[in-house]
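Data first, discussion second: the structure below is written as structure tokens.
The values are calculated or read from the model by the stated rules, or taken from the named source; none is laboratory data. The model shown is predicted, which means the values in this text are computed figures rather than measured ones. Glycine also receives a Cβ, built like all others from the backbone with ideal geometry; neighbour counts cover every protein chain displayed.
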Amino acid sequence: MTIYNISATIKTNTAPENLYYAMELYKTDWSGNETFALRPTGKYPLQAGNKTQLHPSLDINDPPETCYILSIDLYRKVGVDYIKMNQDPMTAIVPLKGFQTTDKDWGASREFEYFETTQPTQKERNGQVNVFQLNISSKPRIFEAKEHGIGDPLDPFTKQKVEDELKVRMTRPVPSIQFDPSLSASENQTGQQLQKERRRVLFYPYQDQSMFCGPAAFFYCIQQDRPDIYQQIIKELWESGETKIGALKMEADNSVRHPTKFFRENGKPKIPAIDWITMASLRDTENTALFSINSPSGGFLWWNWAGAVTMWRVLEKWFRKAGATKKYDNISISHSNLQAISILNNYISSDHHVVSLIRAGMLTRGENSITKDHWIIWEDKVRLLDGTEVTTATPLTEKVQLKLFSWGEVNQQLEDNLTLDQFLKHTFGGLVFSKIP
């Protein structure tokens, strides 16, 4: 159990004696339940150097890499009045470790800023009603598609469209509908049609034809483990083009902020705006200018995919910097053997993520290739069609199934009648990580 001294700095051009703050530090689960590290402080004056006071946290049992959301409301003192300066709280991702060290890698995901224009904030009289004139600076929007920019009805990066996509993304999907032999053919057909309709709703990260399977796998794990941090990442990237989780920095360069070839012929985006904002920003952070990403378009020419492909060491670094721990690694140059798959099966639990490198040709929507080219997340053990777990004693001629995450879906996605031998020849081991704290 540990107590942390919670504080923050407000970057401002206003004298600190005129500013007051109220802050809290919390995390939120899928049910909306908040866990506080620092309960709401109430109103306090800003200190010299634009710093808040030191507020002792509750006694916390989380590992220091655990991220919380620091939330600050700012008040401007005008005479005897205190005007709340932000309609919504200012928020940032902060790992607990950031309150223990001066290492900036573990600091807040962004600065807290409040700037006034040259015109003073003052109290005015309008008839018999007292109002305050607030003169606060604002910033231009970060993401804009070249084909349909700001003001265009097809602009995919509007605040409303991003919020609508995120609202769906943060909805727990209903379970998949399975064929039920006790139902009539028409009843099963109706159920299957409902399932098709549900699949059009993208509850999970979706890269479509792009080469963002590595970032998709990573953000899927963040979404499942820390839905509050997942939302905050999207919010910060949309607002500023930059964010951090733990010590993992993400920054969208100019090409990511202004993508081209973003739309299909029917005018719809090739991937959701929130997935471009997250996946392209994360993947491009690793790239040099030569391999900068500017489009979600697929293709097999090297300049179309070189900047988007994720090598296993890079994927491992993302998880580690986000606070996860690598538990096991049997990524291989050659395809997996039965023992390697059995070991990965043993790690399937609510405490781990099994991230596997495969040839996508063994999936129902994958294309055949001669090399390993796709990352997936196992959501269950590799099993026979009757549900029996695959072990080192399982005959290679047996047909297998695997519930997994890929291309925005979580379900059984192996090709029909895929044998265990074929599965092994398409799989190149995996990485096992703890959950992201």
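If we keep just the residues of region 108-144 that are among the small types (Gly, Ala, Ser) and at pLDDT 95 or above, which is nearest to Ala15 (Cα to Cα)? My answer is Ala108. For region 1-12, taking the residues that are at pLDDT 95 or above, surrounded by fewer than 17 Cβ atoms within 10 Å (Cβ to Cβ) and not hydroxyl-bearing (Ser, Thr, Tyr), the one that is farthest from Leu54 (Cα to Cα) is identified as Ile3.
Residue count for region 205-220 under the criterion of being more than 13 Å from Trp276 (Cα to Cα) and within 8 Å of the chain's Cα centre (by Cα): the result is 2.
Where helices (runs of 4 or more DSSP H) fall wholly inside region 299-415, the ranges with 2 or more residues that are over 15 Å from Cys213 (Cα atoms) and touching a Phe, Trp or Tyr at 6+ places or on another chain (Cβ under 8 Å) are 338-346.
On inspection, Ser349 fails the criterion of being over 26 Å from the mean Cα position of the chain (by Cα) and either over 23 Å from Trp407 (Cβ atoms) or at pLDDT 95 or above (or both).
On the stretch given as region 343-367, residues that are small (Gly, Ala, Ser) and within 17 Å of Leu418 (Cα to Cα) total 3.
Residue selection: Ser369 fails the criterion of being crowded, with 17+ Cβ neighbours inside 10 Å and within 22 Å of Phe218 (Cβ to Cβ). Pairs are defined by a Cβ separation below 7 Å, a sequence spacing of at least 6 or placement on different chains, a first member in region 153-165 that is assigned to a helix (DSSP H, G or I), and a second member that is aromatic (Phe, Trp, Tyr) and crowded, with 17+ Cβ neighbours inside 10 Å; the pairs so defined are Val162/Trp238.
Restricting attention to region 373-432, the residues that are closer than 23 Å to Gln223 by Cα and among the polar types (S, T, N, Q) total 4.
Regarding region 339-352, can at least one residue be identified that is buried (at least 20 other Cβ atoms within 10 Å of the Cβ) and in contact with a Cys (Cβ under 9 Å, 6 or more places away or on another chain)? No, because not a single residue in region 339-352 is buried (at least 20 other Cβ atoms within 10 Å of the Cβ) and in contact with a Cys (Cβ under 9 Å, 6 or more places away or on another chain).
Return yes when Leu74 is assigned by TED's automatic domain parsing to the domain that holds Phe36 and in a strand (DSSP E or B) and no when it is not.
yes
Of the residues making up region 378-386, one or more are at pLDDT 95 or above, surrounded by 14 or more Cβ atoms within 10 Å (Cβ to Cβ) and in contact with a Gly (Cβ under 9 Å, 6 or more places away or on another chain). Screening Ala22, Ala15, Ala48, Ala92 for residues that are surrounded by fewer than 16 Cβ atoms within 10 Å (Cβ to Cβ), touching a residue at least 24 places away in the same chain (Cβ under 8 Å) and not assigned by TED's automatic domain parsing to the domain that holds Lys249 leaves exactly one candidate, Ala48.
Among the residues making up region 1-22, a single one is of a type in the set (D, E, K, R) and more than 20 Å from Ala108 (Cβ to Cβ): Glu17.
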